[in-house]
Structure formats: C-alpha cells, structure tokens
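Here the structure comes first, spelled out in structure tokens, and everything after it is commentary.
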Amino acid sequence: MKIFFQHKYLWVIAGWMVATSVLGGLATKLGPWYFSLIQPPWKPPDWSFGVIWTIIFILSALAWMVAFNSRPTQSQKNTINVLFFVNGFLNVLWSVFYFRMQHPDWSFVEAFFLWGSVLAIILVMWPIRRVAAYLMVPYLIWVTIAMRLNWETLVLNPGAY
C-alpha cells in the first residue's frame, strides 16, 4: 500500500512540474515588444532561461519527493501540496503579466508573492528534511535574480508598458 501512495505522489509531483513548465512556456511570448525592451547588460541569454527553469523544476520535484518520503504528517503533506500548487500558479501568472499582458510593473509586484511562496516551501520543508529545503534554495536565488532583472528592465524602459 505504501508503494502505491509513493507512486501517486510521484505522478502528482511530475504533473505539477510538467503543467507549470508548459503553461509558463505558453505564456512566454518573445515578440517585438519584448525584443524592443532595453535589457541590463548582465541579462543571461534568452536560451538559458529554459535550461535554468528546467533545472529548478527538477530540483523542486526532487525536494517535494524527498519531503514526502521523510514521513511528514498529513498536515505537512497538505501544506506542501498547497504551497507547490500556489507556487505553480504564481509562476505562470508572472509570465502572463510580463509577456502576455506586457506589464513588467505588474510582474514585478507579483514576483514578491512568487518569492514568498518559494520561501514558504523552504520553511515548511526545513523541519521535515533539510536536504529538501536546500534543494529549493536555487529556486529562491533564481527568483531573486529575476526580480532584479525585472526591476532593471522597468527602470531602463519607462513608459514601455
């Protein structure tokens, strides 16, 4: 019976990872508006974002699985599930605001909620299994970098949104 539940969680976790990745990718539209923006000189090349996000989602899925395999209480499992689904929603929403609606100002504000959702996952996982929390740290670092990039893009492009 225990193996069945682990497989069930694996499918839920994989589904979250794939759905968030696909929906975020569909919301990311690199068109004339995006290419007209002045970007900070330190911005990573566009191709690297997909690689970075893939690594982050794999690490996140591993963190989720490690936490679930560490015998958390049902309440902790429920909290982790809710936090990951909220995080996936916020992740996709950022792309919708920035790329689809062309509002980097809205995405910048929303990024604070995204950052907070990653921090909340880390804090909930910490007492369950620290390695799971550590696996989420690259996500927190990347969202911090993305927030800085978002801010600098706003400063360099007043009135472009």
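The values are calculated or read from the model by the stated rules, or taken from the named source; none is laboratory data. All of these numbers come straight from a predicted model, not from anything done at the bench. Every residue, glycine as well, gets a Cβ built from its backbone with ideal geometry; the counts of neighbours run over all protein chains shown.
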If you take the residues in the range 56-74 that are among the polar types (S, T, N, Q) and either at pLDDT 95 or above or part of a loop (DSSP other than H, G, I, E, B) (or both), which one is surrounded by the most Cβ atoms within 10 Å (Cβ to Cβ)?
-> Ser60
Contact list, first residue from the range 130-151 and farther than 19 Å from Thr20 by Cα, second anywhere and among the β-branched types (Val, Ile, Thr) and part of a helix (DSSP H, G or I), beta-carbon distance below 7 Å, six or more apart or interchain, is Val131/Val66; Ala132/Val66; Ala133/Ile122
Residue check, Gly159 assigned to a helix (DSSP H, G or I) and within 30 Å of Leu37 (Cα to Cα) | no
Any idea which of (1) out of contact with any Lys or Arg (no Cβ under 6 Å at 6 or more places or on another chain); (2) more than 29 Å from Ile128 (Cβ to Cβ); (3) in contact (Cβ under 8 Å) with a residue 12 or more places away in the chain is the one Pro32 doesn't satisfy?
-> (3)
List every residue pair whose Cβ atoms lie under 9 Å apart, where the two residues are 6 or more positions apart in sequence or sit on different chains, the first residue falls within the range 36-55 and is in contact (Cβ under 8 Å) with a residue 40 or more places away in the chain and part of a loop (DSSP other than H, G, I, E, B), and the second residue, located anywhere, is of a type in the set (Val, Ile, Thr) and surrounded by fewer than 12 Cβ atoms within 10 Å (Cβ to Cβ).
-> Pro40/Val155
Any idea which of (1) within 21 Å of Ala14 (Cβ to Cβ); (2) charged (D, E, K, R); (3) outside any helix (DSSP H, G or I) is the one Lys77 doesn't satisfy?
-> (3)
(1) modelled with pLDDT of 95 or more; (2) more than 14 Å from Ser60 (Cα to Cα); (3) surrounded by fewer than 20 Cβ atoms within 10 Å (Cβ to Cβ) all hold for Ala111 apart from (3)
In this structure, does Phe113 turn out to be of a type in the set (Phe, Trp, Tyr) and over 22 Å from Val18 (Cβ atoms)?
-> yes
Scanning the range 130-139 for residues that are assigned to a helix (DSSP H, G or I) and surrounded by 17 or more Cβ atoms within 10 Å (Cβ to Cβ) gives Ala132, Ala133, Leu135, Tyr139
Please go through the range 19-42 and pick out each residue that is touching a Leu at 6+ places or on another chain (Cβ under 9 Å) and at pLDDT below 90.
-> Ala27
Mind counting the residues in the range 141-156 that are surrounded by 16 or more Cβ atoms within 10 Å (Cβ to Cβ) and not aliphatic (A, V, I, L, M)?
-> 4
Apart from one, (1) surrounded by 15 or more Cβ atoms within 10 Å (Cβ to Cβ); (2) among the small types (Gly, Ala, Ser); (3) modelled with pLDDT under 95 all hold for Gly159; the odd one out is (1)
